[in-house]
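Chemist: Mind looking over this structure? Questions follow.
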Amino acid sequence: MSDSSINCTIDLDALGKRAGHLQLPRSSNQSGWSTQWIPIACVAHAEGPTALVLGGVHGDEPEGQVAALNLARELRPEQVNGRVIVIPCLSLEASRAYTRLWPSGANLNRSFPGSATGPPDQQLAHFLSTVLIPFSDVVVDIHSGGRTGLCLPWAEMHWVDEPAQRREMVEGMLAWNTDWCCVYIDVAGTGLLVGEAERQGKIVVSTELGGGGHVTAAIHRLARSGLANVLRRFGVLEGEVETRESLGLPPQTLLLATEASNYLLAPVSGLFETVVDLGQRVDEGDVVGRVHSLERPELEPEPIVARNDGVVCVVRAIATTEQGDNVVVVAREGDRSELA
Ligand SMILES: [Zn+2]
C-alpha cells in the first residue's frame, strides 16, 4: 500500500490502451495549488508480464525519450501479451530545459527509493518504488551519456547477486542487439532507479545509447529496435525475437567497467582534450587525454593515463572540465563466457 501524494489519472489495471498523467503536487510563486503533469501510457491485453518502460530520467538524454514516445503512440493492445506501461519523459521539466538535472537541481537518478513527504523528485521516486516497480516484471530504463558524455552505444547491467535474476538481465542486455554490452558499477553515488528495481528482484534492462547532446538516425533506430526486441524477448510484445545472428551481425563485444580504476578523473580543472576515440583499444599507461590550464598556458597540460588495457567506451563530450570530473572510461574487454 502506497501513501503516495501522486495521482495517476488512468486505470493501470484496465485492458486496452489509455494515456493520461501522473499528477505531482506543485506549489510555486505562480500558483499555490498546482500539479505537474507527467505523461503516462498503458497498453494491456491478455495474460502476461508487465513491462515498465522509462525514458528521460535525465532530461538531456533524448534517445530513450523519443523511442518511448514512439512506442507509446504506436503500440496497439492486440500486439501485447500482458501490459506495457510507458513514461517517456519522467523528468519532464529537465526534458523541457534539456538538462540532466531538474530545475531544482535534483538528480532523479539519486532520489530512490524516495519519500512520500520529501521534495518533488523524492515523491516521484517513491511513487515508482511503491506503486509502479512492485507490479512490474521487467523495468527498462533508457539512458545515454547526455550532453556531457559520449558513450559507445551499449546495453548494460549491474552484476546482481541473485543468479536467476542475473541470467534474465543478461538475456535482456543481449536482446537490445547493440554492438557493445557493458557490466558496470556505480561510481557517482547511490539512489539509482535501476538499483531500487534490482533490489525488488526485477529484470532490469538499461542502456547508454551514445550521448553528447546529439542523436544520429542510427542511434534513434537502435533505441527503437532494441526496445521492441527486449519487449519481445520477455513475451510482452508479439513477434519473433531477433538475435545478432539472425540480423547477420557478429557477436557483441563485452565491456567490463567494474573497477573504479576504469573511470578516469580529471586531476585538475581546465579544458579537456581527448587523444583517443570511442572504441579505440588502449594499453595501461597510454595517455588518453590531457587537461589544459585556462589560466596558465605556459604549463604542460595534465595527462590522463589509462590504468588498464581495454576499450575506450566513454569520452567527455564537452571540453570544460572541473577537477574530479570523469573524462574517459577504459573498460576491460571481457569474454562472452564471463556472462554465463
Ligand atoms: Zn542518464
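A short reminder: the numbers here are calculations on the coordinates, not readings from a lab. Every value quoted in this text rests on a predicted model; they were computed, and no experiment measured them. All Cβ positions, even for glycine, are placed from backbone atoms using ideal geometry, and neighbour counts span all protein chains on display.
Chemist: Once you list every other residue whose beta carbon is under 13 Å from the beta carbon of GLY59, what net charge do they have if Lys and Arg are +1 and Asp and Glu are -1?
Modeler: Here the charged neighbours net out to -2.
Chemist: Taking every DSSP beta bridge that has both residues in the chain, what percent is antiparallel when rounded to the nearest 5? Walk me through the intermediate numbers first.
Modeler: Details: 49 of 74 bridges.
If I count the DSSP bridges inside the chain, around 65 percent turn out antiparallel.
Chemist: Next up: Any chance you could give the angle, 0 to 90 degrees and rounded to 10, that helix 163-175 forms with the longest Cα principal axis of the chain?
Modeler: Relative to the chain, helix 163-175 is tipped by roughly 80 degrees.
Chemist: Would you mind getting me the FRET efficiency between LEU247 and TYR98? Use the beta-carbon distance for r and R0 = 45 Å, nearest 0.05.
Modeler: Efficiency, from the Cβ-Cβ distance: 0.90.
Chemist: Distance from the Cα centre of the stretch 216-247 to that of the stretch 112-169, in angstrom?
Modeler: Cα centroid of the stretch 216-247 versus Cα centroid of the stretch 112-169: 20 Å apart.
Chemist: When only Cα pairs under 8 Å and 6 or more residues apart are kept, what is the percent relative contact order across the stretch 149-255?
Modeler: Values: 141 pairs, mean separation 40.2, N = 107.
The normalised contact order for the stretch 149-255 reaches 38 percent.
Chemist: Could you give the length gained on full extension between GLU338 and SER34, defined as 0.36 nm per residue of separation minus the Cα-Cα distance, in nm?
Modeler: Residue separation times 0.36 nm, minus the Cα-Cα distance, leaves 104.3 nm.
Chemist: Here's another thing I want to ask about it. Report, in cubic angstrom per residue, the convex hull volume of the C-alpha atoms of the stretch 175-285.
Modeler: Given the Cα convex hull of the stretch 175-285, per-residue volume reads 163 Å³.
Chemist: Same structure, new question: Net charge near ILE142: determine it from the other residues with C-beta under 15 Å of the C-beta of ILE142, scoring Lys and Arg +1 and Asp and Glu -1.
Modeler: With Lys, Arg at +1 and Asp, Glu at -1, the net is -3.
Chemist: Along the Cα-to-Cβ line of SER261, 7 Å from the Cα, sits a label point; which residues in the stretch 303-340 have backbone N less than 17 Å from it?
Modeler: Counting backbone N atoms under 17 Å from the label point, the list is 304-312, 328-334.
Chemist: A further question on this structure: Mind listing the long-range amide H neighbours of VAL205? Cut-off is under 5 Å, sequence gap 5 or more, other chains count too, H placed in the peptide plane at 1.01 Å from N.
Modeler: It is VAL139, VAL140, ASP141, by chain and number.
Chemist: Can you tell me the relative contact order of the stretch 20-110? Whole percent, Cα pairs under 8 Å, sequence separation 6 or more.
Modeler: RCO, the stretch 20-110: 31 percent.
Chemist: Compute the projected area of the convex hull of the Cα atoms of the stretch 261-339, averaged over all viewing directions, and report it in nm² to one decimal place.
Modeler: Average of the hull's projected areas for the stretch 261-339 equals 5.3 nm².
Chemist: Here's another thing I want to ask about it. Using a 7 Å offset from the Cα along the Cα-to-Cβ direction at both ALA19 and ASP277, what is the distance between the two label points in nm, to one decimal?
Modeler: Calculated label separation equals 4.0 nm.
Chemist: Starting from the Cα-Cα distance between ARG296 and ARG221, subtract it from 0.36 nm times their residue separation and give me the gain in nm to one decimal.
Modeler: Details: separation 75, 0.36 × 75 = 27.00 nm, distance 4.45 nm.
Gain on stretching ARG296 to ARG221: 22.5 nm.
Chemist: So, one more: Give the long-range amide H neighbours of ILE40: residues separated by 5 or more places, or on another chain, with amide H under 5 Å away, using H modelled in the peptide plane at 1.01 Å from N.
Modeler: Amide H neighbours of ILE40: GLY20, HIS21, LEU22.
Chemist: While we're here: Grab the alpha carbons of the stretch 1-160, take their convex hull, and tell me the volume per residue in Å³. Let's see the in-between values first.
Modeler: Working: hull volume 20.7 nm³, N = 160.
Hull volume over Cα atoms, normalised by residue count, gives 129 Å³.
Chemist: Kindly give Rg over Rh for the chain, based on alpha-carbon atoms, with the Kirkwood expression for the hydrodynamic radius. Don't jump to the answer; show the numbers that get you there.
Modeler: Values: Rg = 20.4 Å, Rh = 20.7 Å.
When Rh is taken as the Kirkwood radius, the ratio is 0.98.
Chemist: Tell me the angle of helix 217-233 to the major Cα principal axis of the chain, expressed in degrees between 0 and 90 and rounded to the nearest ten.
Modeler: Orientation of helix 217-233: about 50 degrees from the principal axis.
Chemist: Turning to a different aspect of this structure: Run the paramagnetic zone check for ASN308: 7 angstrom along Cα to Cβ, then residues of the stretch 143-181 with backbone nitrogen under 16 Å.
Modeler: 157-160, 181
Chemist: Pairs of alpha-carbon atoms within less than 8 angstrom and 6+ residues apart define the contacts here; what relative contact order does the chain have, in percent?
Modeler: 15
Chemist: Students often check this: by mean Cβ neighbours within 10 Å, which of 66-75, 320-329 ranks highest, and how do the rest follow?
Modeler: 66-75, 320-329
Chemist: Quick one: which residues, 5 or more positions from ASN81 or on another chain, have an amide H under 5 Å from its amide H? H modelled 1.01 Å from N in the peptide plane, none for Pro or chain starts.
Modeler: LEU237, GLU238
Chemist: So, one more: Between 0 and 90 degrees, rounded to the nearest ten: what's the tilt of helix 62-74 against the longest Cα principal axis of the chain?
Modeler: Roughly 20 degrees, rounded to the nearest 10.
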